[in-house]
Amino acid sequence: MPLWKPDPTFYASPRDAASAPPEKLAYVAAFDRAAEKPDAIAVLDVDPGSASYGTVVGWTELPYLGDELHHFGWNACSSALCPGSPHPHVERRYLIVPGLRSSRVYVIDTKDDPVAPKIVKTLEPDELAKRAGYSRPHTVHCGPEGLYLTALGGANGEDGPGGIALLDHTSFEVLGRWEVDRGPQHFAYDAWWHIAHDVLVASEWGTPSMIEDGVVGELLLGRKYGHSLNFFDLRKRKHVQTVDLGDEHQMVLELRPAHDPTKLYGFAGVVVSVEDLSASVWVWHRDGDRWAATKVITIPAEPADPDSLPPVIRPFGAVPPLVTDIDLSVDDQWLYVSCWGTGELKRYDVSDPFHPVEAGSVRIGGIVDRTPHPADPGRPLAGGPQMVEVSRDGERVYVTNSLYGSWDDQFYPDGVGAWMAKLDSTPDGFSFDERFFPSGDAFRGRRPHQTRLQGGDASSDSYCYP
């Protein structure tokens, strides 16, 4: 239903978003690795003044088994306020929830009862395949003219290329393949944009056969996973340039462009270097009339007793950081970097994006350390900070511990567990909130992955005004 006035959770500028009321609920994708129970969207109370703060207060199960929920997003967001938007009166109401293994896409309505969201539409895999030529949907971003849905695989059993499907804002039907000319781009993962400059950036992981059964050692050491950024003309939907980070830098995953629409830079996380097991963060930027990328953060591997390591990394005698998510605060000052392997969440001051300064770090979980949460100091934790989400005002940071089912099993073969944590982030400090630690049975045997915050968060919205 169109609104007479724009949705109050749409913000013209990052400043407006940062000054908006804080979130009271968080939505978390939770999946069953064994595919014996349906995946679900868990609803968590994140209002510190509530008696049920830090607990799961809602639970919406999906109707099928084996979807493997992963990333998801809102149907509409602040990009609807862009000057050329044909949909200024849509509302942030529906969660668009893909199943990474099943290739289904669920539309879940949060409006009538936010703690008991309801499934109102299901797109079956053949709809995505027939209309867009894709499978294995991954990331959802709300654009001014529709929903951008990245996908890792091709249709009809084809391993690739992956790319982007466009969905209608209102009917949620698949409109078709977004790319008119993909150029040399073959791998897909994330895609985001500099919306005021008509630039789309896409990153690279691998095709379904390269990821679904875990990391393939021969492909990794053979430098066969994605290692490039691809730049497109957002309006013409055409590839314009590839920036290769070097084939030693394997798996270029999360993209975090500056929220300030006047800026033309952003950050990309790289999982691992096959030369030394380090991870890295790069900043993309303009260099004259071309795009370029500069490595600005390197995080080294940590030596370890081989007997304490899972088979996949035992020969190396070290724990790779495995940077599998990054997130940029709405004011573009703080970059959070998840080191899932070593069990560390790092915070950097990126006021100068070319010279980040580390400004805080916490440890939790980790392949070797198994660092406990301060709320339960006697309980070693598996997994590590993985998906990270930041509140609009930048004061609260949420992390979950599961990466992807088969990869969880490789790197944490004794079980990854299930937990979520929250950190308080201020200019003077970065520390755990000991009142917030839903874990174990709270997730009913599922593993938590991505978090979305009520009203939007640091990785959900794009802004057209500074």
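Observations on the structure shown:
- Taken together, VAL330, VAL350, VAL296 contain a single residue that is closer than 23 Å to SER459 by Cβ and open to solvent by 10 Å² or more (accessible area, probe 1.4 Å), which is VAL296.
- Whenever a residue of the range 446-466 is more than 25 Å from HIS194 (Cβ to Cβ) and outside any loop (DSSP other than H, G, I, E, B), its partners that are among the basic types (Lys, Arg) and open to solvent by 10 Å² or more (accessible area, probe 1.4 Å), lying with C-beta atoms within less than 7 angstrom and at least six residues away or across chains, give the pairs ARG447/ARG33.
- Pairs linking a residue in the range 283-296 that is within 16 Å of TRP193 (Cβ to Cβ) to a residue that is among the β-branched types (Val, Ile, Thr) and open to solvent by 70 Å² or more (accessible area, probe 1.4 Å), with Cβ atoms under 9 Å and 6 or more positions apart or on different chains, are TRP291/VAL240.
- Those residues of the range 197-221 which are crowded, with 18+ Cβ neighbours inside 10 Å and either modelled with pLDDT under 95 or of a type in the set (Ser, Thr, Tyr) (or both), in sequence order: SER203, THR207
- Within the set SER50, SER103, the sole residue that is open to solvent by less than 60 Å² (accessible area, probe 1.4 Å), under 30 Å from LEU152 (Cβ atoms) and of a type in the set (S, T, N, Q) turns out to be SER103.
- Annotation: GLU358 fulfils all but one of (1) in contact with a His (Cβ under 6 Å, 6 or more places away or on another chain); (2) surrounded by fewer than 22 Cβ atoms within 10 Å (Cβ to Cβ); the unmet one is (1).
- LEU81, sole failed condition from (1) at negative phi; (2) without any contact (Cβ under 8 Å) to a residue 40 or more places away in the chain; (3) open to solvent by 20 Å² or more (accessible area, probe 1.4 Å): (2)
- Residue under evaluation VAL115, criteria (1) crowded, with 19+ Cβ neighbours inside 10 Å; (2) of a type in the set (A, V, I, L, M, F, W, C); (3) farther than 24 Å from GLY405 by Cβ; (4) in contact (Cβ under 8 Å) with a residue 60 or more places away in the chain, criterion not met: (1)
Results for (1) more than 20 Å from the chain's Cα centre (by Cα); (2) assigned to a loop (DSSP other than H, G, I, E, B); (3) within 26 Å of ALA17 (Cβ to Cβ), shown as yes or no for each residue.
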residue: PRO353; (1), (2), (3): yes, yes, yes
residue: GLY360; (1), (2), (3): yes, no, yes
residue: LEU381; (1), (2), (3): yes, yes, no
residue: SER402; (1), (2), (3): no, yes, no
residue: GLN410; (1), (2), (3): yes, no, no
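- For the range 293-315, a tally of residues being touching a Phe, Trp or Tyr at 6+ places or on another chain (Cβ under 7 Å) and closer than 30 Å to ASN230 by Cβ returns 6.
- Once the range 54-78 is narrowed to residues that are under 16 Å from PRO114 (Cβ atoms) and touching a helix residue (DSSP H, G or I) at 6+ places or on another chain (Cβ under 9 Å), the residue that is surrounded by the fewest Cβ atoms within 10 Å (Cβ to Cβ) is THR55.
- Counting residues in the range 392-410 that are without any contact (Cβ under 8 Å) to a residue 40 or more places away in the chain and of a type in the set (A, V, I, L, M, F, W, C) gives zero.
- Considering residues of the range 129-150 that are farther than 18 Å from ASP190 by Cβ and not small (Gly, Ala, Ser) only, the residue nearest to the chain's Cα centre (by Cα): PRO144
- Test: residue in the range 372-388 that is open to solvent by 10 Å² or more (accessible area, probe 1.4 Å), within 23 Å of ILE297 (Cβ to Cβ) and not aliphatic (A, V, I, L, M): no
- Subset of the range 232-242 (residues that are assigned to a strand (DSSP E or B) and surrounded by fewer than 19 Cβ atoms within 10 Å (Cβ to Cβ)): ASP233, LYS238, VAL240, GLN241, THR242
- Selected residue [at pLDDT 95 or above, farther than 13 Å from LEU245 by Cα and buried (at least 22 other Cβ atoms within 10 Å of the Cβ)] from GLY288, GLY266: GLY266
- The range 425-443, subset within 13 Å of GLY54 (Cβ to Cβ) and of a type in the set (Asp, Glu), residue most open to solvent (accessible area, probe 1.4 Å): GLU434
- Exactly one residue among ASP159, ASP168, ASP190, ASP181 is surrounded by fewer than 19 Cβ atoms within 10 Å (Cβ to Cβ), within 21 Å of ASP244 (Cα to Cα) and acidic (Asp, Glu), and that residue is ASP181.
The values are calculated or read from the model by the stated rules, or taken from the named source; none is laboratory data. In this text, all values refer to a predicted model and were calculated from it rather than measured experimentally. Here Cβ is always computed from backbone atoms with ideal geometry, including for glycine, and neighbour counts include all displayed protein chains. Heads up: the accessible areas ignore ligands, DNA and RNA and are worked out on the full protein's heavy atoms, side chains in. Shrake-Rupley method; radii C 1.70, N 1.55, O 1.52, S 1.80 Å.
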